[in-house]
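The structure appears below as structure tokens.
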Amino acid sequence: MSQPEQKTLDEVATLRAELDDANYRYYVLDEPRMTDADYDRRLRRLQEIEAEYPDLVTPDSPTQRVGAPPDAGFPEVQHAVPMLSLDNALNEDEITAFVKRVADRLEIDGETIAFCCEPKLDGAAVSLVYEQGVLVSGATRGDGRTGEGITSNLRTLRSIPLKLRGKALPDLLEVRGEVIMSHEGFEALNAKAREEDGKVFANPRNAAAGSLRQLDPRITASRPLEFSAYQAARFEPDPGDATHSELMARLGDLGLRTSAALEVVTGSQGLIDYCRRLGERRDRLGYDIDGVVIKVDDLRLQRELGFVARAPRWAIAFKFPAQEETTTLNDVEFQVGRTGAITPVARLEPVTVAGVTVSNASLHNADEIARLGVMIGDTVTIRRAGDVIPQVVRVETSLRPADAREIVFPERCPVCDSEVERLEGEVVARCSGGLYCGAQRKEALKHFASRRALDIDGLGEKLIEALVERDWVKTPADLFRLDAERLASLPRMAQKSSDNLVAALDKAKQTTLARFVFALGIREVGEATAANLARHFGTLDALMGAEVADLEAVEDVGPVVAAHVHTFFRQPHNRDTIDELRALGLAWKEEEIGERPQPLAGQTWVLTGTLESMTRDEGKERLQALGAKVAGSVSKKTAGVVAGPGAGSKLAKAEQMGVPVLDEEGFLERLEAWESGRETEQ
Ligand code: IVH
């Protein structure tokens, strides 16, 4: 066998040091410095070299171990059965190769073998021990042999039963699974941390791991953690010749959560199909997965196959493209929103993240820039998951170029040059230009014309931009002064479409007070609040003349919203615009005070998963406008659950409790019926 060159020895030493350091930061400090993709690349390279020169393998090589030593703060727990890791398959050929290896070893036809497929949840692995059905201990994985006892923390997770359900309880059950945080929970936790100067986590996995390793279980309890089981490591009495999927169903009966996406398939084509299907759904699941875990389903065959040092021979992890990648921050632009909020947006060297090219990412606000310590020219790590806007999660300061530039938050609005204000205690900086600001004007007009506001057909984003840029439209009133001839002179605007637009504008003049109030775009006045205001005051004049105290008397209007409404109607330019709109023929029937139908009054609804035709916030607003309360969790009292793709525990709970569940189509049908007054109760 050939001897390695000095160059190879150096490479091995560097890779090991880098991997050890990454492990330490990731597992011990909860402060990852390396993306998974970079980590996997280095580990693969080290495995390749060690395969070529087996003499170089040492017991302490990162290829030979499964994790990092446990933290000192928690008692050590010896795992009765080691918690192993899995070998990876990086492409479909490697799945086929896995099936062939299994088939050759068992001396059977690979295409007849049943495999159980589950999402590879990206969270923190834990092991729970139940004796006579009672949870007695829970531990992290640690280095696979010794973990940390975090029983009190795990007991705070509602998805972990303290007692198993049912009559036929096993004498002993050691169940393993993943503790995860949904995208929704993760976003909410970070949003709160950003506001309160708390710890912002890079991704849901670190948030889950960090939350489990809190010395104070009350902190763990406050975190949106979920447990999902994927393996019965010990089951006594022995369930006999069961399959893995049967055991998972059994765990479900015992009250444990298992993956709703679990499927048993046959042969390599069945596996490849499953991986493709799950890959397509990945962005809609609502939580992070980094691949598919493939397991030989028959436990007898699993036993026959056994283990190699680091992993079982009967399972493999098919890896999806990484959700984090590194790239360069080329520049930062400042965007101005409808309410003047100024958001720094990172302009990135385009990079493919989990199959999508990303060239922009959110930097949130000035505090976030300071927290990240990011400069223009830096190498940054980007995370893209589900429908969440890509985020900059950290900066590789060691790679900072000499000509890196500081990011200077503008003192004047980049669009209209008005002063930028940042109010005491607020993290958001705003342009003070109001409707004088072109950016705010465009956003305000888009909102004014939108479907749930005045619903002006044919007045889209591009057209609004053209109208504002030419200064033809400064306020919503100017829209109704446009004539077809002038419109037809715009590029790409045919006579027919301009005629249609004028007709649509004319039609939009007949509206409702609630829609009109919503269309004005008053800060924090959504559809439900606008409807409440319209119903309470009955006429626009009464609403415009209301004092703060009168406004606070309206359902769901607190001091902040009342102040926004009051200030809005005190601005002379807003009053002028409203007068002009009325003079141009905008009209509505007076609202019958207090008599808007509220078919869902007294009911509580829950929205979960993603909706395609509207955002969850819109769905919530519409339900509230019908009198419903919208809650975050399902209980016996819940009147209904709307479940889109990615719905997880809430849907499962609703089904378990017999709470009615609507899919998006059913929800839309009902909404329309309720809103039109065709149906008065659920
Ligand atoms: S089975 C001996 N199933 O992946 C096999 N693991 O490298 C035990 N993981 O950190 C693992 N989802 O926590 C299995 N459905 C799933 C999984 C899963 C995530 C994690 C596991 C471990 C890693 C294995």
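Using 19 Å as the cut-off for backbone N distance, which residues of the stretch 290-315 belong to the label zone defined by a point 7 Å from the Cα of residue 266 along Cα→Cβ?
295-302
Give the lysines reachable from residue 650 as a straight Cα distance under 21 Å; neighbours fewer than 8 places away on the same chain don't count.
Candidates past the 8-residue exclusion: 120, 163, 620, 629, 636, 637.
Taking Cα atoms, how many degrees apart are the long axis of helix 616-625 and the longest axis of the chain, rounded to 10 and kept between 0 and 90?
Tilt relative to the chain: about 50 degrees.
Could you give me the ³J(HN,Hα) list for the stretch 537-544, computed from phi with Karplus coefficients 6.51, -1.76, 1.60 and θ = phi - 60°, whole Hz, x at Gly and Pro?
Result, ordered by residue: 9, x, 10, 5, 4, 5, 5, 5 Hz.
Which net charge results when you count Lys and Arg as +1 and Asp and Glu as -1 among the other residues whose beta-carbon is under 14 Å from that of residue 249?
Numbers: positive: 165, 250, 257; negative: 118, 246, 253, 263, 297.
Computed value for this residue: -2.
Select from 114, 144, 161 the residue farthest towards the positive end of the dipole of the stretch 107-244; place +1 on Cβ of Lys and Arg, -1 on Cβ of Asp and Glu, and compute about the Cα centre.
161
For the stretch 98-171 and the stretch 355-391, what is the separation of their C-alpha centers, rounded to whole Å?
35 Å
Which value, in Å³ per residue, describes the convex hull spanned by the Cα atoms of the chain?
Values: hull volume 136.3 nm³, N = 682.
Roughly 200 Å³ of hull volume per residue.
With the alpha-carbon atoms as the only input, what is the per residue convex hull volume for the stretch 538-578 in Å³? Spell out each step's value before the answer.
Details: hull volume 2.6 nm³, N = 41.
Roughly 64 Å³ of hull volume per residue.
Just so you know, all these numbers are worked out from the coordinates, no wet-lab data involved. Computed from a prediction, not measured in an experiment: that's the story for all the values here. Cβ: placed from backbone, ideal geometry, glycine included. Neighbour counts: every protein chain shown.
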